[in-house]
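Accompanying notes for the structure given below.
The values are calculated or read from the model by the stated rules, or taken from the named source; none is laboratory data. Computed from a predicted structure; not experimentally measured. Here Cβ is always computed from backbone atoms with ideal geometry, including for glycine, and neighbour counts include all displayed protein chains. Side chains are part of the model used for accessible areas, which takes the heavy atoms of the whole protein and leaves out ligands, DNA and RNA. Shrake-Rupley method; radii C 1.70, N 1.55, O 1.52, S 1.80 Å.
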Amino acid sequence: MAKVDLTKPKVPNQAPKWLGTYGKYLYPKLATYLNKNDKILRADEYLLQQYCSAYDVYRIAFQDLQDHGIQQAIYKTSLSPVDGSVVSKDFQGYKKNPAYQMMSDALGRMNTIGKELGLSPKARSQMLDLKMPNTNKKSARESLKEFFG
């Protein structure tokens, strides 16, 4: 495995091969956006990959909900003990489509990771508020001397 300096700025613009279709589509767009920020490091690539992977799961689950609905009917099938044929199908109610929970979980992960990457307005403002340490700081004595001097 090649050594990668994780302290260097910028994440790669090319999506990893293992990402799904939706994640591969989103990755270069987000990488380009994130690389405009000077606080993004190569080490943030892992977060970007996880965000795109969660987005992929979200989109697949969303499509399943579109295709099969948010809930599914449940039937109890009664079979004949003589020949095994279906005697009746009794409606039991509805159950939530499991894709809904997958979509919800993926959205939660995207929100959490997105905040770490600065993809929300609040996170962006907090990143802008981070100041670099001032190495030219004057001592209190020098400041007072300058003020009264």
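Brief remarks follow.
- Under 5 Å from the amide H of Q71 lie the amide H atoms of N97, each residue being 5 or more positions distant or on a separate chain, with H modelled from the backbone and absent for Pro and chain starts.
- Considering only alpha-carbon pairs that sit under 8 angstrom and 6 or more positions apart, the relative contact order computed for the stretch 7-80 is 35 percent.
- Residue-normalised accessible area of the stretch 19-108, given per residue in Å² at a 1.4 Å probe: 64 Å²
- Modelled label reach - I60, point 7 Å along Cα→Cβ, the stretch 77-110 residues with backbone N closer than 13 Å: 99, 102-103, 106
- Simple label model, 7 Å out from Cα along Cβ direction - K122 to I74, nm: 3.7 nm
- Residue-span extension gain [K115 to D67] - 0.36 nm each, minus C-alpha spacing: 14.2 nm
- Note on L107/A43: beta-carbon distance plugged into 1/(1 + (r/R0)^6) with R0 of 22 Å gives a FRET efficiency of 0.35.
- Summing Cβ point charges (Lys, Arg +1; Asp, Glu -1) relative to the Cα centre of the stretch 1-75 gives a dipole of roughly 400 debye.
- Charged neighbours of S53, selected by a Cβ distance under 14 Å, balance to +1 (K, R count +1; D, E count -1).
- Candidates Y94, S104, S80 compared by Cα position along the dipole of the stretch 77-124: farthest toward the positive end lies S104, with charges placed on Cβ.
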